[in-house]
Amino acid sequence: MRYLIISDIHANLTAFETVLEDAGKLGEDYDFVWCLGDVVGYGPDPNECVELLRSMPHLCLAGNHDWAALGRLDIRSFNTDARRAVTWTRETLTDNNLAYLEALPTTFVLGDFTLAHGSPREPVWEYILDPLIATMNFPHYQTTYCLVGHTHTPITFKMSDNGSETESIQPVYNKPLRLDKKRQIINPGSVGQPRDQDPRAAYAFLDMELMTWEYRRIPYDIEAVQKRMRGFDLPERLVNRIAHGW
Ligand code: ZN
């Protein structure tokens, strides 16, 4: 079984479609999609992204922006731009798509993999930004591997054999890497709003038979997305940031 791993689409349909084209054919190049949350928020195409995801065999986790769109969170803690985008997203989503987001789980375990949007300790909220935060999260899940999104940065945090140290490993693209049975927390990066100074859409493949992980990156038509965002009067700061990858 080959999984397409995506996260943080953030209502960016152009990036999402480009990733799917680059990933190849469902049923040939991959069999199932794991989406690590934040399907909506920031971008101009919330309904289209939810519906495209729903058209594929997939499992999706709840992200903080999905919850924000449902009105489950107090968005006073969000900055002004994020708040405006959340309000627009909430008003734009259809009842049917809101009901879909409502039903998303916060964690999921299959075989040797645990999935969460933010972290196993705080599935919707926590950012695993560095080896220290990763170290504190290892006791909070039982499997060897944990897949997370939320930081919009592709990275792997790997625990040493004696558990005393955690190493952070930068992604290498287009090269399947063997999963070596060491406990690790892996982030595929973000489809629709990368924040690692690289504006290209990020995703990954997980091959359960070969036990390999492959990071991927693909450029997409950013200007087309910016044009739609301006058309909906979404905040200019959010329009600009997708061109710079932050
Ligand atoms: Zn996000």
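The values are calculated or read from the model by the stated rules, or taken from the named source; none is laboratory data. As the structure is a computational prediction, the values presented were derived from the model and not from experiment. Here Cβ is always computed from backbone atoms with ideal geometry, including for glycine, and neighbour counts include all displayed protein chains. When the accessible area is computed, the model is the full protein with side chains, heavy atoms only, and any ligands, DNA or RNA have been set aside. Shrake-Rupley method; radii C 1.70, N 1.55, O 1.52, S 1.80 Å.
Between K182 and T144, full extension at 0.36 nm per residue minus the direct alpha carbon distance yields a gain of 13.0 nm. Extension gain for the segment D221 to R84, taken as residue separation times 0.36 nm less the Cα-Cα distance, is 46.9 nm to one decimal.
Please give the solvent-accessible surface of Y220 in Å², to the nearest 10, using a probe radius of 1.4 Å with every protein chain present. Solvent-accessible area, nearest 10 Å²: 30 Å².
At 222 nm, what helix-only mean residue ellipticity would the chain give, in deg cm²/dmol to the nearest 500, using -39500 (n - 2.57) for each DSSP H run of four or more?
Computed mean residue ellipticity for the chain: -8500 deg cm²/dmol.
Taking only protein heavy atoms into account and a 1.4 Å probe, give the accessible area per residue of the chain in Å².
So the chain comes to 42 Å² accessible per residue, rounded to a whole number.
Measuring only protein heavy atoms, the 1.4 Å probe finds E91 accessible over about 140 Å².
List the lysines whose Cα sits under 21 Å from the Cα of K25, skipping any in the same chain fewer than 8 residues away. Counting by Cα, and skipping residues close in sequence, K25 has these lysines nearby: K175. In whole angstrom, how far apart do the alpha carbon centroids of region 139-210 and region 19-58 sit? Answer, in whole Å: 19. For D207, the solvent-accessible surface computed with a 1.4 Å probe is close to 20 Å², ligands and nucleic acids excluded. Under a model in which nothing but the beta-carbon of Lys, Arg (+1) and Asp, Glu (-1) is charged, the chain shows a dipole of about 380 debye around its Cα centre. Rounded to the nearest 20 debye, what is the charge dipole size of region 10-108 about its Cα centre when +1 sits on each Lys and Arg Cβ and -1 on each Asp and Glu Cβ? In debye, rounded to 20, region 10-108 gives about 520.
Treating r as the C-beta distance of S160 and T212 and R0 as 30 Å, the FRET efficiency rounds to 0.90.
For a distance above 23 Å, tell me the whole-number percent of Cα pairs in the chain that qualify. Distances greater than 23 Å cover 45 percent of the Cα pairs. Per-atom-type breakdown for the chain gives carbon and sulfur 51% of the accessible area (1.4 Å probe, protein chains only). Equivalent-ellipsoid semi-axes for region 21-126 (Cα gyration tensor, √(5λ), whole Å, largest first): 24, 18, 11. To the nearest 10 degrees, how steeply does helix 13-23 sit against the main Cα axis of the chain, on a 0 to 90 scale? So the helix axis and the longest Cα principal axis differ by about 30 degrees. Gain on full extension, evaluated as 0.36 nm per residue between L59 and R121 minus their Cα-Cα distance, stands at 20.3 nm. Note on the chain: GNM, Cα springs under 10 Å; of P44, P139, P123, the largest mean-square fluctuation is that of P139.
Angle of helix 222-231 to the longest C-alpha principal axis of the chain, folded into 0 to 90 degrees and rounded to 10: 40°. For region 73-142, with equal point scatterers placed on the C-alpha atoms only and solvent neglected, what are the log10 I(q)/I(0) values from the Debye formula at q = 0.15, 0.21, 0.23 1/Å, to two decimals? Results for region 73-142 at q = 0.15, 0.21, 0.23 Å⁻¹ read -0.70, -1.00, -1.05. Here E91 and N174 are evaluated by their C-beta separation; at R0 = 25 Å the FRET efficiency comes out at 0.05. Residue by residue, region 155-162 carries 3J(HN,Hα) couplings of 6, 10, 10, 10, 7, 6, 4, 8 Hz when phi is fed to the Karplus relation 6.51 cos²θ - 1.76 cosθ + 1.60 (θ = phi - 60°); x denotes Gly or Pro.
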